[in-house]
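> Can you read through this structure? Questions will come right after.
The values are calculated or read from the model by the stated rules, or taken from the named source; none is laboratory data. Source: prediction; values computed, not measured. No Cβ is skipped: glycine too gets one built from the backbone with ideal geometry, and neighbour counts run over all protein chains shown. Keep in mind that these areas ignore ligands, DNA and RNA; they rest on the heavy atoms of the full protein, side chains included. Shrake-Rupley method; radii C 1.70, N 1.55, O 1.52, S 1.80 Å.
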Number of protein chains: 4
Amino acid sequence: MPRTIQFTSKLGFASRLNRRATASQLAALGREFHRRSWAFGTSGNYSAVLSRNPLHLLITSSGLDKSTLTESGFLEIDGQGNILAGKGNPSAEAALHLTVARMREAAGCILHTHSVWNTLLSEQYADQGGIAVSGYEMLKGLEGVRSHKHREWLPIFENDQDLRALAQKVEVELERDSAAHGFLLAGHGLYTWGEDLAQARRHVEILEFLLEVVSRRELGSQQPPILQGA
Amino acid sequence: MPRTIQFTSKLGFASRLNRRATASQLAALGREFHRRSWAFGTSGNYSAVLSRNPLHLLITSSGLDKSTLTESGFLEIDGQGNILAGKGNPSAEAALHLTVARMREAAGCILHTHSVWNTLLSEQYADQGGIAVSGYEMLKGLEGVRSHKHREWLPIFENDQDLRALAQKVEVELERDSAAHGFLLAGHGLYTWGEDLAQARRHVEILEFLLEVVSRRELGSQQPPILQGA
Amino acid sequence: MPRTIQFTSKLGFASRLNRRATASQLAALGREFHRRSWAFGTSGNYSAVLSRNPLHLLITSSGLDKSTLTESGFLEIDGQGNILAGKGNPSAEAALHLTVARMREAAGCILHTHSVWNTLLSEQYADQGGIAVSGYEMLKGLEGVRSHKHREWLPIFENDQDLRALAQKVEVELERDSAAHGFLLAGHGLYTWGEDLAQARRHVEILEFLLEVVSRRELGSQQPPILQGA
Amino acid sequence: MPRTIQFTSKLGFASRLNRRATASQLAALGREFHRRSWAFGTSGNYSAVLSRNPLHLLITSSGLDKSTLTESGFLEIDGQGNILAGKGNPSAEAALHLTVARMREAAGCILHTHSVWNTLLSEQYADQGGIAVSGYEMLKGLEGVRSHKHREWLPIFENDQDLRALAQKVEVELERDSAAHGFLLAGHGLYTWGEDLAQARRHVEILEFLLEVVSRRELGSQQPPILQGA
């Protein structure tokens, strides 16, 4: 983790910052996530909401190695995915970022990671449509959660190279479950968000921690899984 | 781990130091623990005894991200949890820190971590009320332990958002077992302490190491657990 | 990982660079791989194609500790393994590097790692002659792969101290399967390559990630392995 | 790992260096091993042979936290364990270092680590008196080993707080098996050595790697262990 980066603890909406400062912060976070083994190679996508009316998103260009991400590795796109500024092309997964931004009005930053544990667990529980996590104090690191008894339902979607089709399923689920803090794509990774970069990064930490705990618990156990479908 | 931080090896009681220097050392330790995956997000609480008569504690403010903890992230509180100096609010878990400080007169520093291994093991053995760890040379890193044959009993308490109720149970147990070097909250984390920051930090290392060893041994094994209740 | 190293994202063929700059980049990568636990001790070999007609390879000298690799730790050899420049002797595994360089004309850089996971999995599936990996989004980090449904077949060869005999088997397999992005030596390690250093390094990350995922999935499971022979 | 420390690749016997430079190198290695989770808290002991006739050893003082080890944390002792220079007391384990130094004339540096994997495996196979490791290319990182078919027998001794009694058992075994590169103490840790600091450090890396591979293979497996007694 970069020792000297101080994430402003309350950015508020990224829209209040200028594009360059936001890109610089997201790039630092991208390099940090690579070092923490959460987004090897070209995997991982990171975005911030630059404005809401109309919706403008700052998002990683497609195909960049995340270990060397810099502020020039970001594009500004509109709500239809058209490029407004920057070089390169948005990832096909921009459709998911736009869907999250639309369905979660408070979201100022959206992060997508590919860790070993989220890959393993999302694959293993894909048939159940999701994972319920409950009973862990760490859940209180998710915004608005007040007790370890909270039951966090992480939906899992089948992975699909047709991102528009996938985005529609995500939209339906985020509409249905207004409390969800994130979701998984099977064999692929985690999406989560927060009102600013610091909160979204915290949600990644919390969810990656919980997915590791649940994976180790379940993979080590020969008993029927404790996890239950929705 | 911060490369350049030299923890004074014998601080003696933190009360001999001024508040600012202590906060700076605890903040460095907090960032270190985050980097070592022992306190992600806002999890983890760290305190030092500033004075004993009356009891004054320096303790982390509630809700701060531990990756960016600085000396301004600490409060001075009295034995009833009233704020004497600093910004923000003490965590509800301050009640546990105060209980430990009262029940262990030699304690100058109290640390609380949320690791994957302490979460897993505290959950798995909650029904037994604790874990006995014995037979490991690493036990000798706990103050006063002279042999690997030492049997360390780590009590496990059910997690509870009513911290006053929880603190009372902890008080009873620490009174009953004067030899305990720490305790676990089920699905939550580890509390340990030491006469100064260096010793408390060492106790975290030793206990986290032992919890990882026991977890890997038990999770990998299909035999009945070797661990026994008190 | 070295914080300040910027791998030129498109080196093109290493032949376009001078030998010294290439050795410096490969040495930095070698130290990085040691830190990432992918090549402890003297294990690991790294090479870059300096020219194609005739074939000249820059390759690590034998027997060097990879944690302290510098640009003086490389030799220039010709297509028969004769030393053209540099001190020390090429590893016996130079025969494998030369074979890969000949069989993959687009390869500008060839990397060989010894990780815990690639050691474990290559040993466990040696009898099947290889491992098929499919269904993971991370596969798209391999050059030319467009879908998580891609089936990557990683051949596994029995380890052999007769590297010329081993190189012949590798040659036959790379001829037969023009799509392979790498191969394993049982109980030994991974070979992969890329058109330049950045792409080869990305392929190491992707394949090491996938081997860890598959190892954890299979070692934790008591069900018959999902993996299938060719 | 310290980024800037260059271990002289061939120190030859430490006796050729002055005491201070050797202590500085061993201290850097001690901090590195702490960061790599091989010697938490006060665990771990490191020594170098300063002279052979008479035998003088530079060795860590007892009870120091290895994360902050400096050159002042070492003592010079003679072959009977008497202190010749330095502050503090030698660890009781100095008896084992002296035994290794006497039984292995080529040893210039002796290292003792307490990792999770060496703790687990030494406990699990204590009844068999040792572990045979064979079939891994990484074995060639041990001095003098030329093939992955080499069978390395790592003796395991029951842990004992009577270090003189333990040292006698070690002496008998090192006399009997002149090929051993190291040994384990059950539930305690690994001892290995090398002709200089670099070689001894490499042996730690190689053996820790192999112990992790074997532990993961055996703990994940429900089949009868492949490992065999001597």
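> Let's see if you can work this out: charge +1 on each Lys and Arg Cβ, -1 on each Asp and Glu Cβ, no other charges. What is the dipole magnitude of region C:60-213 about its Cα centre, in debye to the nearest 20? Intermediate results must be reported in sequence, preceding the final value.
Working: 13 positive and 23 negative charges, 54 e Å.
It comes to approximately 260 debye.
> Sum -39500 (n - 2.57) across every DSSP H segment of at least 4 residues in chain D, then divide by the residue count to get the 222 nm mean residue ellipticity, nearest 500.
Values: 5 runs with 74 residues, N = 230.
Result for chain D: -10500 deg cm²/dmol, rounded to the nearest 500.
> Per-residue HN-Hα couplings for region D:150-159, Karplus 6.51 cos²θ - 1.76 cosθ + 1.60 at θ = phi - 60°, whole Hz, x for Gly and Pro?
Result, ordered by residue: 3, 10, 8, 9, 9, x, 10, 9, 4, 5 Hz.
> Rounded to whole Å, give me the distance from the Cα center of region B:48-84 to that of region C:202-219.
Between the Cα centre of region B:48-84 and that of region C:202-219, the gap is 44 Å.
> Now a separate question. Heavy atoms of the protein only, probe of 1.4 Å, neighbouring chains included. What is the accessible area of residue B:150 in Å², nearest 10?
Number for this one is 50 Å².
> In Å³ and rounded to a whole number, note down the convex hull volume per residue for the Cα atoms of region C:121-221.
Values: hull volume 10.4 nm³, N = 101.
Measuring per residue, one finds 103 Å³ for the Cα hull of region C:121-221.
> Can I ask one more? What are the residues of region D:109-138 that lose 30 Å² or more of accessible area, with a 1.4 Å probe, going from their chain alone to all protein chains?
Residues losing area: D:114, D:116, D:119, D:120, D:123, D:136, D:137, D:138.
> Please give the charge dipole size of the protein assembly as shown, origin at the Cα centre, charges +1 on K and R Cβ atoms and -1 on D and E Cβ atoms. Round to the nearest 20 debye.
Numbers: 96 positive and 100 negative charges, 525 e Å.
The dipole magnitude comes to about 2520 debye.
> What quantity of accessible surface, computed with a 1.4 Å probe and excluding non-protein components, is buried in total between chains A and C, in Å² to the nearest 100?
Details: alone 10820 and 10830 Å², together 19360 Å².
The A and C chains share an interface burying roughly 2300 Å².
> So if the hydrodynamic radius of chain A is defined as the Kirkwood radius over C-alpha pairs, what does Stokes-Einstein give as its diffusion coefficient at 37 °C and 0.692 mPa s, in µm² per second? Intermediate values should be presented prior to the final figure.
Working: Rh = 17.6 Å.
Answer, rounded: 186 µm²/s.
> Name the residue from B:134, B:154, B:110 whose Cα lies farthest towards the positive end of the charge dipole of region B:27-172, charges +1 on Cβ of Lys and Arg and -1 on Cβ of Asp and Glu.
Checked the options; the winner is B:134.
> Same structure, new question: Roughly what % of Cα-Cα distances in the protein assembly as shown sit above 46 Å, to the whole percent?
More than 46 Å apart: 27 percent of the Cα pairs in the protein assembly as shown.
> Just check region D:22-126 against the gyration tensor rule for me: Cα atoms, a ≥ b ≥ c as the square roots of the eigenvalues, rounded for a/c under 1.5, and otherwise prolate or oblate depending on whether a/b exceeds b/c. Write out the running numbers ahead of the final one.
Values: a/c = 1.92, a/b = 1.29, b/c = 1.48.
Oblate is the answer for region D:22-126, as a/c is 1.5 or above yet b/c matches or exceeds a/b.
> Could you tell me what percent of the accessible area of the protein assembly as shown is made up of carbon and sulfur, with a 1.4 Å probe and every protein chain present? Could you put the intermediate results ahead of the total?
On the way: 16120 of 34150 Å².
Looking at the protein assembly as shown in its full context, I get 47 percent from C and S.
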